[in-house]
Amino acid sequence: MSSVAVIDYGMGNLHSVAKALEHVKPGEQVLVSSDKAVIESADRVILPGVGAIRDCMGELTRLGLDQVVHQVAASGKPLLGICVGVQLLMEFSEENGGHDCLGVFPGKAHFFGDHLQDENGEKLKVPHMGWNEVKQTVDHPLWQGIEQNSRFYFVHSYHIQAQQPELVAGRCHYGLDFDVALFRDNVFAVQFHPEKSHSAGLQLLKNFLHWNGQPA
Amino acid sequence: MALAKRIIPCLDVDNGRVVKGVQFLDIRDAGDPVEVAKRYNEQGADEITFLDITASHQDRDTMVHVVEAIAGQVFIPLTVGGGIRTCDDIRRMLNAGADKVSINTAAVTNPDFVREASERFGAQCIVVAIDSKKVSQPGEPDRWEVFTHGGRRATGLDVIEWAKKLVALGAGEILLTSMDADGTKNGFDLGVTRAVSEAVPVPVIASGGVGNLDHLVDGVLQGKADAVLAASIFHFNEYSIPEAKQYMAEKGIEMRL
């Protein structure tokens, strides 16, 4: 039996991630934990997150879990970042007046802005909340069985921009084009919520639970 | 490529059963919430909202179990409202599997609660419900007032100003129900929907009055709503969710089909 750890650093609702994982792979041992030893001993690790970056980074660091994320990222073990999870993996976020993050991926998280418009000049709401199309820009084991331009559920006010285009796995458009999925070796990270994205999202989680950490 | 407008079926839950009141009076039984939620999930609903309309604490425990049962089987966003008054209430619902909570009366009686909740749990999970009634006379400029207690108690608050204040306090989304329209099947109050949607930077969910698919279309195209909420047209199988989505897409609205 394989196991997956969902890193619990006290921010937001981890139950939906855990329930979705149990649903897509019955028998999988799902460990929602803030215990370093538990996280490091799991076969796969998920870094979820909702809320503001300062609180998320603050709690992660306070619990010593920032080091654990670095270790997992370097270990070759599959690591999946979700929502604020992907922003935490960047070098820097503009949120809360600017905040340093983990730096697993070179690049930043930027605010969408107060004057976001669509093609017809209509003002767009921020947060970007709801179902939007994701363009898969590479073949990756985590996209397997998911149709190109499938819709996923998003809720975020900051968008990531990778410094190296070769690390981008998926893009989206909302007033501007932005990165929504990044990959590097054994790490995959997404801005949307796969656990709330119905069949496309569940397929991605299923792919993750069967992934060996190799990019192709 | 664009963000889709959302269709949100709403389940009014009383003592563990889905019911539907007409202007908050008559109650018709519409089934087991878990079964109803699963059906909407399979049909492609973009989100599901539950409003706990029971009064007693005992029944609130029932609601927690209902949310738990649904969250284990339905993988789209779930919002729970009704009787959310403290951060503990929010924590309980989030732990049960809700993604967002909808705060109504407590926002009026204690606006700081919205700020506290948003700071604690993040604006993305704080929906604030506004029950609106038109109070201007014919011939006067439109004016809408916030009501509580199922439309029985006036608050003196102007709906547009109140919506702006809620966003400043940290509301991530506004669920706007027209008490004049609710249960009538005559369509949303498009005037207040548009006025609120244009006044606030966060998404607005239009609610109250849907009787046919054109009402959903009007809510988005004329009311500028980001999402449309309806109950009875779906519960009693007058229309299915795919039928509604297809119709809205034919009218040029971006939908998740």
request  = Give me the lysines in straight-line cross-link reach of A:Lys123: C-alpha distance below 16 Å, same-chain residues under 8 apart excluded.
outcome  = B:Lys5, B:Lys224
note = Sorting A:Val180, A:Ala162, A:Ser199 by the position of each Cα along the dipole of chain A (Lys, Arg +1; Asp, Glu -1; all at Cβ), the one nearest the positive end of that ordering is A:Ser199
Contact surface B-A: accessible area buried, both sides summed, square angstrom, 1.4 angstrom probe = 2800
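Compare the peptides B:112-122, A:28-38 by average per-residue count of other Cβ atoms within 10 angstrom and give them in order, highest first. Don't skip to the answer; put the middle values down first.
On the way: B:112-122: 19.2, A:28-38: 16.1.
Order by mean packing, descending: B:112-122, A:28-38.
Between rounded, prolate and oblate, where does the stretch A:9-157 land on the alpha carbon gyration tensor, with a ≥ b ≥ c its root eigenvalues, rounded for a/c under 1.5, else prolate if a/b exceeds b/c? Working shown, then result.
Values: a/c = 1.87, a/b = 1.29, b/c = 1.45.
Oblate shape, in that a/c is at least 1.5 and b/c is the bigger or equal ratio.
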task = For peptide B:70-83, compute the average count of partner chain beta-carbon atoms within 10 Å of each residue's beta-carbon.
result = 4
key: Residue among B:Gly150, A:Asn212, A:Gly113 farthest towards the positive dipole end of the protein assembly as shown, charges placed on Cβ   = A:Asn212
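Based on the mean of other beta carbon atoms within 10 Å per residue, what is the order of B:227-240, B:144-157, most packed first?
Numbers: B:227-240: 19.5, B:144-157: 16.3.
Highest-to-lowest ranking by the protection proxy: B:227-240, B:144-157.
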note = Taking the dipole of the protein assembly as shown about the Cα centre (Lys, Arg +1; Asp, Glu -1; charges at Cβ), the one of B:Met248, B:Ile126, A:Val32 that reaches farthest to the positive side is A:Val32
task = Just tell me how shielded A:121-128 is by partners: mean number of partner chain Cβ atoms within 10 Å of each residue's Cβ, no decimals.
result = 4
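Pairs B:Lys134/B:Lys165; A:Lys196/B:Lys20; A:Lys19/B:Lys164; B:Lys20/B:Lys164; A:Lys25/A:Lys77: which exceed 28 Å Cα-Cα? Mind dumping the intermediate values first?
Details: B:Lys134/B:Lys165 19 Å; A:Lys196/B:Lys20 26 Å; A:Lys19/B:Lys164 36 Å; B:Lys20/B:Lys164 30 Å; A:Lys25/A:Lys77 18 Å.
Exceeds cut-off: A:Lys19/B:Lys164; B:Lys20/B:Lys164.
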query = If you place +1 on the Cβ of every Lys and Arg and -1 on the Cβ of every Asp and Glu, how big does the dipole about the Cα centre of the stretch B:136-196 come out, in debye to the nearest 20?
reply = 140
inquiry  = Inside 10 Å of the C-beta atoms of A:145-152, what's the mean count of C-beta atoms belonging to other chains?
reply    = 1
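The values are calculated or read from the model by the stated rules, or taken from the named source; none is laboratory data. Quantities reported herein were computed from a predicted structural model and do not represent experimental measurements. For neighbour counting, all protein chains shown are included, and Cβ atoms are generated from backbone atoms with ideal geometry for every residue, glycine included. Surface accessibility is based on the protein's heavy atoms, side chains included, excluding ligands, DNA and RNA. Shrake-Rupley method; radii C 1.70, N 1.55, O 1.52, S 1.80 Å.
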